[in-house]
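No lab work stands behind these numbers, since they all come straight from the coordinates. Remember, it's a predicted structure, so these values are computed and weren't measured experimentally. Backbone-built Cβ (ideal geometry, glycine too); neighbour counts: all protein chains shown.
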């Protein structure tokens, strides 16, 4: 029964527009999906390491959406709401991105990946004094993803990894990047496409190798859903 309800909601959420007072970030255009805003005042507000930097190393955090069976999307871009620590004045220039399926099977299947120039805009929110930014990258060319023919559909995991690996850039030994969670899905758009408790961590230096977030010391509300978005259109 749980899967029936979830898939029904996902189908409706992907194919029917929702109305919000403020809506997703403006850069989410055309906005296919947005999980919702970070709420720093929530007791379960949390941020998760997601970066490739000289100082911290490589950490990857993957949220997911389900595309219902017999439906497809054309993905044009990915955005992550990103808290930046110790990066005052640092302008992020590029990020890598990935799309995977079956991720809990040792990383699963890498469907597509690339590197792109970054758009970076402050959200006006912060976490413990560290500012949050909308970090987005366009996919060129766009990628079509489908839900397949098997019930309930296909789950895809995404990452957008800020890069700061230039040894000539003094910020790269200090700056850290973290993706924000969302606890109320405020201003979400088709937010139900993101299933709860599907966030996966690939943090090898901390011995989290393709680990479900809830198995890594976080509670269910902290790592239930991430504040991220997808740009594109429904094609089927």
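Label 7 Å along Cα→Cβ of residue 102; the range 28-66 residues with amide nitrogen under 18 Å?
Inside the label zone: 65-66.
Between residue 109 and residue 209, what is the label-point separation in nm under the 7 Å Cα-to-beta-carbon projection?
2.3
Tell me, in nm to one decimal, what length is gained between residue 173 and residue 70 on full extension, where the rule is 0.36 nm per residue of separation less the Cα-Cα distance? Walk me through the numbers before you get to the answer.
Numbers: separation 103, 0.36 × 103 = 37.08 nm, distance 4.63 nm.
Gain on stretching residue 173 to residue 70: 32.5 nm.
Determine, for each peptide in 167-175, 145-153, the mean count of other beta carbons within 10 angstrom over its residues, then list the peptides with the highest first. The partial results should precede the final answer.
Details: 167-175: 14.4, 145-153: 16.8.
Result, highest mean Cβ count within 10 Å first: 145-153, 167-175.
Kirkwood hydrodynamic radius for the range 141-194: how many Å is it when counted over pairs of different Cα atoms?
Result for the range 141-194 stands at 15.5 Å.
For the range 42-147, what is Rg from Cα atoms divided by 2.2 N^0.38 Å, rounded to two decimals? Numbers along the way, then the final one.
Details: Rg = 15.4 Å, N = 106, 2.2 N^0.38 = 12.9 Å.
Ratio of Cα Rg to 2.2 N^0.38 Å: 1.19.
Helix 2-15 against the longest principal axis of the chain: what's the angle in degrees, Cα atoms only, rounded to the nearest 10?
80
Given a Förster distance of 22 angstrom, what is the FRET efficiency for residue 121 paired with residue 42, based on the Cβ-Cβ distance and rounded to 0.05? Could the numbers behind the result be given before it?
Values: r = 22 Å, r/R0 = 1.02.
It comes to 0.50.
Give me D for the range 96-236 in µm² s⁻¹, whole number, from Stokes-Einstein with Rh from the Kirkwood sum over alpha-carbon pairs, 4 °C and 1.567 mPa s. List each step's numbers first, then the result.
On the way: Rh = 17.1 Å.
Result for D is 76 µm²/s.
Between residue 165 and residue 26, take the C-beta separation as r, use R0 = 35 Å, and let me know the FRET efficiency to the nearest 0.05. Provide the component values of the computation, followed by the final result.
Values: r = 29 Å, r/R0 = 0.84.
Efficiency, from the Cβ-Cβ distance: 0.75.
Determine the relative contact order of the range 2-234: mean sequence separation of Cα pairs under 8 Å and six or more apart, normalised by residue count, in whole percent.
Details: 620 pairs, mean separation 89.6, N = 233.
Value for the range 2-234: 38 percent.
Separation of the range 102-121 and the range 140-163 by C-alpha centroid, Å?
Rounded to whole Å, the Cα centres lie 9 Å apart.
At 222 nm, what helix-only mean residue ellipticity would the chain give, in deg cm²/dmol to the nearest 500, using -39500 (n - 2.57) for each DSSP H run of four or more? Write out the running numbers ahead of the final one.
Details: 1 runs with 14 residues, N = 236.
After summing the helix terms and dividing by residue count, I get -2000 deg cm²/dmol.
For labels at residue 143 and residue 54 in the simple 7 Å Cα→Cβ model, what's the distance in nm?
Result: 3.0 nm between the two label points.
Direction-averaged shadow area of the convex hull around the Cα atoms of the chain, nm²? Before the final figure, lay out each step's value.
Working: hull surface 49.2 nm².
Projected area, direction-averaged: 12.3 nm².
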